[in-house]
């Protein structure tokens, strides 16, 4: 059983402390008791600015008990299909990039849940995805 982590959660841990940092730590510690923690390549790329090298990133994430899980063809296909549907249906589509769709599709296929701070995007476009939301409210 694996639990996927969104970029915003890792940024809360790796970046400057915010109001969400303690909640992110507590949520990830609790998640470790339920399964392996994973990130997709998009999350690795989005958090790379917090590391001087790929080796440092890999070592830090390993110590945090987070492993990199590659994309599968079904992940990529689903992300593209849902992204295209979003662009068609949204009356005024925001400038979302496909990265959010890739994170969700990967989590849907490789994890039992996605830990995020997102307030509704994932639930709206990936209704079968189990979300654990980190927040202060």
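A few remarks follow.
- Any chance residue 43 is in a helix (DSSP H, G or I), farther than 20 Å from residue 2 by Cα and in contact with a helix residue (DSSP H, G or I) (Cβ under 9 Å, 6 or more places away or on another chain): no
- Residues that are under 19 Å from the mean Cα position of the chain (by Cα) and surrounded by 11 or more Cβ atoms within 10 Å (Cβ to Cβ), drawn from region 87-105: 96, 98, 99, 100, 101, 102, 103, 104, 105
- For region 105-130, the set of residues classified as part of a helix (DSSP H, G or I), in contact with a helix residue (DSSP H, G or I) (Cβ under 6 Å, 6 or more places away or on another chain) and over 14 Å from residue 9 (Cβ atoms) consists of 105, 106, 109, 125, listed by residue number.
- Qualifying residue in region 9-16 (condition: under 11 Å from the mean Cα position of the chain (by Cα) and either surrounded by fewer than 17 Cβ atoms within 10 Å (Cβ to Cβ) or more than 13 Å from residue 113 (Cβ to Cβ) (or both)): yes
- Checking each residue in region 57-75 for being outside any helix (DSSP H, G or I) and surrounded by 13 or more Cβ atoms within 10 Å (Cβ to Cβ) picks out 64, 66, 67, 68, 69, 71, 72.
- The set of residues in region 8-36 that are touching a helix residue (DSSP H, G or I) at 6+ places or on another chain (Cβ under 6 Å) and closer than 26 Å to residue 71 by Cα comprises 9, 12, 13, 14, 24.
- Breaking point among (1) in a strand (DSSP E or B); (2) touching a residue at least 40 places away in the same chain (Cβ under 8 Å), for residue 102: (1)
- Tally of residues being under 16 Å from residue 111 (Cα atoms) and either within 14 Å of the chain's Cα centre (by Cα) or touching a residue at least 12 places away in the same chain (Cβ under 8 Å) (or both) across region 28-76: 24
- The set of residues from region 1-27 being touching a residue at least 24 places away in the same chain (Cβ under 8 Å) and assigned to a loop (DSSP other than H, G, I, E, B) comprises 1, 6, 15, 19, 20.
Where a number appears in this text, it was derived from the coordinates with a stated rule and is not lab data. If you're wondering where the values come from, they're calculated on a predicted model, not measured in any experiment. With ideal geometry, Cβ positions are generated from the backbone for all residues, glycine too; neighbour counts draw on all protein chains shown.
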